[in-house]
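I have placed the structure first, in the form of structure tokens, so that the comments after it can refer back to it.
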Amino acid sequence: MARVNRSPADGRIPLIAGNWKMNFDHLQAIAFVQKLAWSLKDARHDFGAVEVAVFPPFTDLRSVQTLVAADKLPIVYGAQDVCAHAPGAFTGEIAASFLAQLDCSYVLIGHSERRTFYGETDEVIAAKTAAAIGAGLVPLVCVGETAEDLETHGASAVPVAQLNAVLDAIPKTADFVVAYEPVWAIGSGQPATPEQAQQVASALRATIAARLGDEAAAVTRVLYGGSVKADNIAGFMRQPDVDGALVGGASLDVEGFSAIVRYQKHVGV
Ligand code: PGA
């Protein structure tokens, strides 16, 4: 399995992750990953300095694995969801061990579209996170408040409660990534401000410190997601507690996504 860049000695290596959602079949996935790798190599991107991950649909993963392995591409990948159960009688589901067999590094868990359209509760998301960790995957757990939550409870309360539900279910030493994605910012073209993202990222890190200790808080990456584009990534990456981005719509365009990955070059962060 591809090594995920995370250790206290390394510090927190920024992660730019593309959530393709239900876009690109396996042929389009191959073409996209090839172009992305060429574009980043042409630009002499330092993959050790900013990690690049893509999250294709399940049916693309085998093709992406084959391409990445054959061409030794420095891009990592993961699935957009996973079953909480071990292999067995769960029609239509995909086990964490199957994803590990495809050399997935990560898996997205608890995206707001899963919570909203498929009724995933904090309990289900916690169980999926535990299953992913059990299979050696790094879960990228998404948390975030709706516009109504924001008005009623402020920005941090719901994301922190969602994170706490996951922390209840995983080992203290588990490796994971958190993505703060305000529901009102996803796909809306209205991102949070960098200050809002920092405020919640810092509350999430404080929660990790309180539950798992200072070292876990120091090494765990907290991403921001929600209408991230090449022209706004810099503001987020300047925040001390924001360690990368989960990018939806803008991750489907090679040039746009590659410009987000290269935020250090074009904006001088
Ligand atoms: P967006 O989506 O970048 O299109 O807002 C982000 C996400 O859903 O992860």
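Below are the figures for this structure:
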read-out	value
Output for segment 216-234, where each listed residue is away from the ligand (no atom under 15 Å from the Cβ) and part of a helix (DSSP H, G or I)	ALA216, ALA217, ALA218, VAL219, ALA234
Index of the failed condition, VAL143 passing every other in (1) touching a residue at least 40 places away in the same chain (Cβ under 8 Å); (2) within 22 Å of ALA206 (Cα to Cα); (3) more than 15 Å from the chain's Cα centre (by Cα)	(3)
Residue match in segment 125-140 (condition: surrounded by fewer than 17 Cβ atoms within 10 Å (Cβ to Cβ), modelled with pLDDT under 95, touching a helix residue (DSSP H, G or I) at 6+ places or on another chain (Cβ under 6 Å) and farther than 19 Å from GLY225 by Cα)	no
Residue in segment 200-215 that is within 16 Å of the ligand (Cβ to nearest atom), more than 22 Å from ASP253 (Cβ to Cβ), under 18 Å from the mean Cα position of the chain (by Cα) and of a type outside the set (A, V, I, L, M, F, W, C) present	no
PRO87 vs. criteria more than 21 Å from LEU167 (Cα to Cα) and away from the ligand (no atom under 16 Å from the Cβ)	yes
Given (1) exposed (fewer than 15 other Cβ atoms within 10 Å of the Cβ); (2) in a helix (DSSP H, G or I), index of the condition PRO87 fails	(2)
PRO182 surrounded by fewer than 24 Cβ atoms within 10 Å (Cβ to Cβ) and not acidic (Asp, Glu)	no
Qualifying positions in segment 216-236 - surrounded by fewer than 23 Cβ atoms within 10 Å (Cβ to Cβ) and within 15 Å of the chain's Cα centre (by Cα)	THR220, SER227
Qualifying residue in segment 45-63 (condition: within 27 Å of ILE125 (Cβ to Cβ) and in a loop (DSSP other than H, G, I, E, B))	yes
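The values are calculated or read from the model by the stated rules, or taken from the named source; none is laboratory data. Owing to the predicted nature of the structure, the values given are computational and were not obtained by experimental measurement. Methodologically, a virtual Cβ is constructed for each residue, glycine included, from the backbone with ideal geometry; neighbour enumeration extends over all protein chains shown.
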